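The values are calculated or read from the model by the stated rules, or taken from the named source; none is laboratory data. Note that this is a predicted model, so its numbers are computed, not measured. Virtual Cβ from ideal backbone geometry, glycine too; neighbours counted across all protein chains shown. Quick note on the areas: whole protein, heavy atoms, side chains included, nothing else; ligands and nucleic acids left out. Shrake-Rupley method; radii C 1.70, N 1.55, O 1.52, S 1.80 Å.
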Amino acid sequence: RKEVEQDPGPFNVPEGATVAFNCTYSNSASQSFFWYRQDCRKEPKLLMSVYSSGNEDGRFTAQLNRASQYISLLIRDSKLSDSATYLCVVNRDGGFKTIFGAGTRLFVKA
Amino acid sequence: DTAVSQTPKYLVTQMGNDKSIKCEQNLGHDTMYWYKQDSKKFLKIMFSYNNKELIINETVPNRFSPKSPDKAHLNLHINSLELGDSAVYFCASSPSRTYEQYFGPGTRLTVT
């Protein structure tokens, strides 16, 4: 079993839709949590850090549930430009060890 | 200005050769990383450095030797290249307070 698990998708949604991604992690010593996006043949880019209190950045909302070891990302009003792979990321070992999920592929169609 | 830069962008070489990839960040971050992304697109950490000191070595073959001459640079030298080393190698950096990582554009290594 992988330490960070994500549904690989793909998720195919129309523009304007709301889409939710989930991620689970198995190591309870995990300390920091993030969502990154990666476009085809590009580097991963930080989308947002994830906190237990939940955090929102425009159309994006992330939530962490430490008890269930579960991280979520909600994208509202999807745009064509949201099409990418979304990577769930967990840090531990003082923050120096980073474990990436395999990613969830999102296609937003006109 | 490029925050995290890597050179070269592409590297094509034969089995058995030795090659190096360079990484530089101008963000003033304390921590730098090397990752390998294989053909299945899975991103796996190789090394973490903090203030030029090796912190994490993720069971990487000792043909791979990172070197951090200063906080802004983390280079990767690979000896005796093998076909399985073909991948995209990403460098990243982060501040040690938040661990939010910023990635370089990647180096696509092809071993023939």
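Are there strands (runs of 3 or more DSSP E) fully within the stretch A:49-110 with at least 2 residues that are open to solvent by 60 Å² or more (accessible area, probe 1.4 Å) and among the polar types (S, T, N, Q)? List them.
Qualifying strands (runs of 3 or more DSSP E): A:60-65.
Has the stretch A:14-25 got any residue that is open to solvent by less than 10 Å² (accessible area, probe 1.4 Å) and within 13 Å of chain B (Cβ to nearest Cβ)?
No, there is no match, as no residue in the stretch A:14-25 is open to solvent by less than 10 Å² (accessible area, probe 1.4 Å) and within 13 Å of chain B (Cβ to nearest Cβ).
Matching residues to (1) touching a strand residue (DSSP E or B) at 6+ places or on another chain (Cβ under 7 Å); (2) within 17 Å of B:Gln37 (Cα to Cα); (3) of a type outside the set (S, T, N, Q):
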{"position": "B:Lys71", "(1), (2), (3)": "no, no, yes"}
{"position": "B:Ala87", "(1), (2), (3)": "yes, yes, yes"}
{"position": "B:Ser94", "(1), (2), (3)": "yes, no, no"}
{"position": "B:Gly104", "(1), (2), (3)": "yes, yes, yes"}
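What is the number of the single condition among (1) in contact with a Ser or Thr (Cβ under 7 Å, 6 or more places away or on another chain); (2) of a type in the set (Phe, Trp, Tyr); (3) at pLDDT below 95 that B:Phe42 does not meet?
Of everything listed in (1) in contact with a Ser or Thr (Cβ under 7 Å, 6 or more places away or on another chain); (2) of a type in the set (Phe, Trp, Tyr); (3) at pLDDT below 95, B:Phe42 misses just condition (1).
Scan the stretch B:58-76 and report the pairs whose first residue is without any contact (Cβ under 8 Å) to a residue 24 or more places away in the chain and whose second residue is in a loop (DSSP other than H, G, I, E, B) and surrounded by 16 or more Cβ atoms within 10 Å (Cβ to Cβ), with Cβ atoms within less than 7 Å and a gap of 6+ or a chain change.
Filtered contacts from the stretch B:58-76: no entries.
Any idea how many residues of the stretch A:29-41 are surrounded by 13 or more Cβ atoms within 10 Å (Cβ to Cβ) and either under 26 Å from B:Lys40 (Cβ atoms) or not polar (S, T, N, Q) (or both)?
We begin by selecting, within the stretch A:29-41, every residue surrounded by 13 or more Cβ atoms within 10 Å (Cβ to Cβ); these are A:30-38.
Add one more test, that the residue is either under 26 Å from B:Lys40 (Cβ atoms) or not polar (S, T, N, Q) (or both), and what stays is A:30, A:32-38.
Residues meeting the conditions: 8.
Can you confirm whether A:Arg37 is among the charged types (D, E, K, R) and over 27 Å from A:Lys97 (Cβ atoms)? Show your work before the answer.
Working: among the charged types (D, E, K, R): yes; over 27 Å from A:Lys97 (Cβ atoms): no.
When the stated conditions are applied, A:Arg37 does not pass them.
Where in the stretch B:11-112 are there strands (runs of 3 or more DSSP E), lying fully within it, with 2 or more residues that are at the interface with chain A (Cβ under 9 Å from one of its Cβ atoms)?
Values: elements: B:19-25, B:31-37, B:43-50, B:53-57, B:64-70, B:73-78, B:87-94, B:107-111.
In the stretch B:11-112, the matching strands (runs of 3 or more DSSP E) lie at B:31-37, B:43-50, B:53-57, B:87-94.
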